[in-house]
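Everything below concerns the one structure shown next.
Nothing in this text is a laboratory measurement; each read-out follows from the coordinates by a stated rule. Not measured: the values here are computed from a predicted model. For neighbour counting, all protein chains shown are included, and Cβ atoms are generated from backbone atoms with ideal geometry for every residue, glycine included.
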Amino acid sequence: MSTHLEETAVSTAVERLTFTGRPGVPTQVGPFCHATRWGGLLMLTGQMPTDPDTGALVPGGLIPETRQVLRNLQAVVREAGARWDDILMVRVYLTDFDDFDAFNAEYRQWFPAGLPARTCVGVTGLAVGACVEIDLVVADTAGSAPASTTLSTPAPAAAPSDGATR
């Protein structure tokens, strides 16, 4: 198998992407953007199993929640101008690690072109009472945000007032 790597210019500018009100993208449940673009990568904020239209947690437990999280992530990937097949890394958070096998059975179905790298950890709780959360790192093959994207860059943080260097 031969691999051809092409040298391309990669931007080091940071873009914070928020897609509020876009089709299929849920409103954030906290103070963060939907994704950050930097250096040829898109880092997607962990998605919750919330219905984009109502903001409510989808009922039914692990499998319906997993499906909704993945649909939410697909919407953010699409709005960022990337493709599902460009996912490089998946981080999964489960509140009950006894759900690991059931989660994997559903998860495999979402990656017919091949499974990306993944970490899966058990946690004691998640926002909105969810039993699963997933975040992604995606190759930014598009290279720039679509025209409909809202970019936001917060003001730099103030220096510590106690004189300490951090």
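Some values worked out for this structure:
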{"item": "Residue-count net charge about THR27 - beta-carbon cut-off 13 Å; Lys, Arg +1, Asp, Glu -1", "result": "-1"}
{"item": "Kirkwood-Stokes translational diffusion coefficient of segment 1-132, alpha-carbon pairs, 20 °C, 1.002 mPa s, µm²/s", "result": "134"}
{"item": "Among 88-94, 102-108, the order from most to least packed when residues are scored by Cβ within 10 Å on average", "result": "88-94, 102-108"}
{"item": "Amide H within-cut-off set for VAL25, under 5 Å, with H built and near neighbours excluded", "result": "none"}
{"item": "Pairwise label distance in nanometres, ASP53 with THR141, each label 7 Å out on the Cα-Cβ vector", "result": "3.1"}
{"item": "DSSP bridge orientation in segment 1-120 - percent antiparallel, rounded to nearest 5", "result": "65"}
{"item": "Other-chain or far-sequence residues with amide H under 5 Å of CYS120's (modelled H)", "result": "VAL92"}
{"item": "Among 71-83, 125-137, the order from most to least packed when residues are scored by Cβ within 10 Å on average", "result": "71-83, 125-137"}
{"item": "5 angstrom amide H check on GLY40, placed H, neighbours 5+ away", "result": "SER11"}
{"item": "For segment 130-137, 3J(HN,Hα) per residue [Karplus equation, 6.51 cos²θ - 1.76 cosθ + 1.60, θ = phi - 60°, Hz, x = Gly/Pro]", "result": "5, 9, 8, 9, 9, 10, 9, 10"}
{"item": "Residue-count net charge about GLN109 - beta-carbon cut-off 13 Å; Lys, Arg +1, Asp, Glu -1", "result": "+2"}
{"item": "12 Å beta-carbon shell around ASP140, net charge (K/R +1, D/E -1)", "result": "0"}
